[in-house]
Structures are given as C-alpha cells and as structure tokens.
Amino acid sequence: MRQSQIERNTRETRIRLSLDLDGTGNFDIDTGCGFLNHMMELFARHGRFDLTLKCQGDTDVDYHHTVEDIGIVLGQAFAEALGDKRGIYRYADISLPMDEVLMLCAVDISGRDTLGYDVDIPCQKVGDMDTELVKEFFLGFCRKAQITLHFHQFAGENTHHIIEAMFKAFGRCMDRATAVDEKYRDEIPSTKGLL
C-alpha cells in the first residue's frame with residue numbers, strides 16, 4: 001500500500017495530511033488559503049492522488065509558513081509512500097497548455113533535491129496569496145521528497161493561468177513518475193541500486 005499519513009505541528013502551522021499514490025483523485029483540502037486550496041485540488045485530481053489536507057497556520061501574519069510547510073509535509077508524504085522506490089518509472093515530463101500558457105514540467109525521483117524554476121509570474125498576488133510563495137512551496141517539497149523538479153515557462157501572461165499550469169503539470173508528472181512499471185516491478189531504477 002503506497003500510502004502515507006503525516007502530522008506536523010509547529011508554533012506556526014498545524015498540518016494533517018494523508019496521501020494515497022494509487023488513488024483516483026479524490027480530495028478533501030482546507031489550507032486556510034483559497035487559492036492554495038484550488039492549486040492542491042488541481043494537483044490531486046490531475047495526479048490521480050487521493051489527498052486529505054488540513055492546515056491551521058499563522059495566516060494573521062501572512063501565508064508564508066502555511067504554503068512552505070504544506071510543501072514540506074507533502075514532500076515527506078511522497079518520500080514515505082514511495083519507500084525504496086522499487087519498480088517506479090522514476091522520470092516523467094509534460095508540456096502542458098493552459099489557455100495562453102505553455103508550461104514544461106519534468107521530474108526525476110532521484111534521491112537528490114533540486115528545483116529548476118524558470119517561471120515569470122507577472123503579478124505579486126493572486127487572490128490574497130503572494131505569488132513568490134509558489135517557489136517556496138516547491139522548494140520545501142523537493143527538499144523533503146528528495147526529488148529533482150524543473151519548470152520552464154515557454155509562454156504565458158495571466159498569473160492565475162501560469163500557476164495553475166504549474167500545479168496541473170506537477171500532478172501529471174508525479175503520477176507518471178511514481179507509477180509502477182510492471183516489467184521492472186522488483187527493480188530499483190538506478191545503476192547504484194539505491195535512490
């Protein structure tokens with residue numbers, strides 16, 4: 001069962017998250033931030049992950065700790081659910097259009113945390129969330145999941161569309177990279193024998 005349940009409590013956030021890698025895209029999400037709820041719902045649906053996420057954060061300050069810590073916890077959940085990563089495809093990429101946006105996302109479940117972030121977000125806020133926090137989310141995720149993740153924006157003008165394309169592409173890439181290759185189910189996809 002490729003599942004994980006994480007609870008993380010700090011002075012800044014209280015987060016409960018459950019993840020099923022082999023789900024159908026069901027979600028129950030309350031982050032305390034409407035725009036982030038929307039992005040996490042897109043991620044779950046397009047990744048076909050079952051995701052339950054509840055966060056109580058210090059949103060009276062701003063959304064920084066909420067967004068970053070959710071990225072951290074989601075990364076922990078993926079690392080736990082993947083275990084030794086035996087049998088997974090490991091790599092995936094997609095060029096995803098979202099209206100005027102064209103976004104490339106590529107992932108390597110490598111055991112190494114790297115974020116390539118070539119994205120130009122024109123507005124400082126979408127809804128009431130600072131758009132600079134999108135990068136913080138993915139940095140937190142990569143560090144804890146030990147995953148290499150790249151975004152490259154080929155086109156796009158609308159801030160909402162750009163970020164939406166990122167989360168949809170992220171979900172679809174993670175679905176493909178974490179899928180089990182039946183032909184190599186018992187193998188770790190690395191010459192090192194360890195990821």
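Read-outs throughout are calculated quantities, based only on the coordinates presented, and are distinct from any laboratory measurement. Please read these numbers as outputs of a predicted model, since none were measured by experiment. Note that each Cβ is placed from the backbone with ideal geometry, even for glycine, and that neighbours are counted across all protein chains shown.
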Simple spin-label estimate for E187 and E157 in nanometres, 7 Å along Cα-Cβ: 4.8
Efficiency of FRET between V61 and D99 - r from beta-carbon atoms, R0 30 angstrom, step 0.05: 0.35
Global geometry of region 28-70, whether rounded, prolate or oblate, following the gyration tensor of its Cα atoms and the 1.5 cut on a/c: prolate
Among G116, G83, G140, residue whose mean-square fluctuation peaks in a GNM of the chain (springs only between Cα atoms under 10 Å): G83
Computed [θ] at 222 nm, helices only, for the chain once each DSSP H run of length n ≥ 4 contributes -39500 (n - 2.57): -11500 deg cm²/dmol
Between 0 and 90°, nearest 10: helix 159-178 axis offset from the chain longest Cα axis: 20
Percentage relative contact order, region 1-57, counting C-alpha pairs under 8 Å, at least six apart: 41
Entries in K54/K135; K85/K144; K85/K183 that, when Cα-Cα distance is taken, lie over 18 Å: K54/K135
Other-chain or far-sequence residues with amide H under 5 Å of T59's (modelled H): none
Spatial separation of Cα centroids for region 1-18 and region 154-186, in angstrom: 22
Degrees, to the nearest 10: 64-82 long Cα axis against longest axis of the chain: 10
Degrees, to the nearest 10: 34-47 long Cα axis against longest axis of the chain: 20
Long-range Cα-Cα pairs in the chain (distance over 22 Å), rounded percent: 43
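Would you work out the relative contact order for the chain, in percent, from Cα pairs under 8 angstrom that are 6 or more residues apart?
Relative contact order comes out at 26 percent.
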Region 77-125, Rg to Rh (Cα coordinates; Rh as Kirkwood inverse mean 1/r): 1.07
